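Computed from the coordinates by the stated procedures, all read-outs in this text should not be read as laboratory data. All figures in this text were calculated on a predicted structure; none of them were measured in a lab. Positions of Cβ are generated from backbone atoms using ideal geometry, with glycine treated the same way; all protein chains shown enter the neighbour counts.
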Amino acid sequence: MAEKRKQRTFDNRPVVALQIGHTLIRAVYFRQEDGRMVDTQFLEEQWQPGGLKIASAEGIQGMKKAFRKLVQRLPRGVDTAYVALSGEYCVTRVVSDTNENVLHEVREIESRSRLYLSLGHGEKVVAGNIYQQDPRHQHATVSVVHRKTVEVILEIAKSAGLAVVAIEPAVISLCRLMAAVGLTRESPSLLVCPGQAGVEIAIAYQGRLYLDYRPAGVTSQEEIADVLVHHLQRLHRYCRRHARVMQDSIASVYLAGQRHRSESIKQLLEDRMELPVRILETATESGQESVVPEDLPESHFPALGVGLLAIGKMATPGPNLMERLNAEEDVSIWPQVFKMVLPLAATLLIAATVWGYLLKQRWDLNQQLVQAAELEPFHREAVLMQGRMARGRELLNVQEQIDKQLPRQPLSAWMPRLGSGLPENTWLTSVALDDQGDLTVEGNALSEASVFEFAQRIRELPFVSRASIEGVLPVNTANRSSVKFTIECDLNDWVAAGDENDGSI
């Protein structure tokens, strides 16, 4: 694992570091070898005559041409680039305080980013780097740039075959370079960067930016010297206020930028300041071998400083203006789509479940209707039968009530008397009593005299009021001849007769 980290830190791939200035694009090409820069080249191309913005149509065309020319002059195999932006294209703020206050200030800077109208109208990109000084205090460096500026740089670099790794303010790059050559290891230094659009004053300490100040309306060299002398005591107090981090006050003043301009400002400051005033150079103070090229032109220092990000041991972190765009690109769209679609999917699932349940109920209802239609004839027949049964039960009830009211014929009392009156050679075949009280007696006799005799005996019974012979028919059999007779009897007070106990069984 350690070997992999070492290979990743000391990579021999060629790197190009760019500084986009007011009118020029400066480039530093190098390869890494044992943590040092070798095979360095210093290039520059003009991308505009002045007054154009990077995101304007003319600025984009000019920058494309400058990038193509620089890439054509570079050796083959260069595909990685680091970019430093001049102060006119970005705004940098520094906050050192307690953890809570730093977080609050960073949020305030981000919320006010749209108010930096000097960067142009439209959306801004905010990037920051927070360094934990101690358990209670933090140091934050926050930079703001126009979003279109970063997008144009990335698009142009991509069209030229370069993959941009980082974009940062040039003042951050200079602070990193000063630490690499050992200028700010022991005490803070004042860094003065005069330019065509004004001057940028910074406090650098151990490779980090602790103050970035751009006084308004200061352009001439005399005005720059006056501002430095006037604000020097305030800058000393700022360093003493952060004594827990910066152990001393400002020890020296360094001038960065074009050599002739730095020389003029140095002469003005040496007569008015007690601090040593020096021009920023890449040679180390102790005379030790420098890890950066010593023949580098002063105008290419910001490009060299941002290029140090490619060397692990010198890569003091700073705000990368690409972080926000990279984060937006890296964020997968699927979680957002899932988050948006999930409520809709849940609603559709519930609706589908309810719809399926309703369809199932509808299907069951249709099946029941079909079954009901098939059973309809049987149902009608059952209803008719129920009606008939109801009417039959009603009729039966009526008949039962009538039957209860009618007296029952005492046949058990009559039969012995009828049987006792039979003459010889006479026998009965049927005795029937209807509801009207009429008694019909049928039988056979060997002679008609026996029939008349039996009829007379019946008339003599107390419960018979009339007995008449209704028919006498001769019947011939194989053995003998006989007659079949029928006697109709009218009963008279047969109930009383039935109740009469004559001792018969």
- When we measure straight from the Cα of Lys158, which aspartates and glutamates land under 16 angstrom away, once same-chain ones fewer than 8 places off are left out? Asp79, Glu329
- Task: Would you work out the relative contact order for the chain, in percent, from Cα pairs under 8 angstrom that are 6 or more residues apart?
- Result: 12
- Task: Please sort 380-389, 314-323, 141-150 by packing, taking for each peptide the average over its residues of neighbouring beta carbons within 10 angstrom, highest first.
- Result: 141-150, 314-323, 380-389
- Query: Using θ = phi - 60° and the Karplus curve 6.51 cos²θ - 1.76 cosθ + 1.60, what whole-Hz ³J(HN,Hα) does each residue of the stretch 85-98 get, with Gly and Pro shown as x?
  - Reply: 9, 5, x, 6, 9, 8, 10, 10, 10, 10, 10, 10, 6, 5
- Query: Going by how many other beta carbons lie within 10 Å of each one, how would you line up Arg176, Arg93, fewest first?
  - Reply: Arg93, Arg176
- Query: Using Cα atoms only, what is the angle between the long axis of helix 411-420 and the major principal axis of the chain, expressed in degrees (0 to 90) to the nearest 10?
  - Reply: 30
- the chain: calculated mean residue ellipticity at 222 nm from DSSP helix runs of at least 4, using -39500 (n - 2.57): -14000 deg cm²/dmol
- By the mean-Cβ-within-10 Å protection proxy, highest first, 187-193, 350-356, 27-33 rank as 187-193, 27-33, 350-356
- The Rg/Rh figure for the stretch 1-147, Cα atoms and Kirkwood Rh, to two decimals is 1.06
- By how many degrees, 0 to 90 and rounded to 10, does the Cα axis of helix 221-241 deviate from the longest principal axis of the chain? 60
- When only Cα pairs under 8 Å and 6 or more residues apart are kept, what is the percent relative contact order across the stretch 184-279? 31
- Task: Taking the chain as the reference, fit the longest principal axis to its C-alpha atoms, fit the long axis of helix 147-159 to the helix C-alpha atoms, and give the angle between the two in degrees, 0 to 90, nearest 10.
- Result: 80
- Query: Sorted by mean Cβ packing within 10 Å, highest first, what order do the peptides 198-207, 62-71, 211-220 take?
  - Reply: 198-207, 62-71, 211-220
- Message: If you average the C-alpha positions of the stretch 162-195 and of the stretch 105-159 separately, how far apart do those two centres end up, in angstrom?
- Response: 17
- So the FRET efficiency between Lys360 and Glu394, C-beta based with R0 = 51 Å and rounded to 0.05, is 0.65
- Task: Report which label in (1) 23.3; (2) 32.7; (3) 33.7 holds the value of Kirkwood radius over Cα pairs in Å derived from the coordinates of this structure.
- Result: (2)
- Using a Cα distance threshold of under 22 Å, what count of lysine pairs results for the stretch 1-127 when pairs must be 8 or more residues apart or interchain? 4
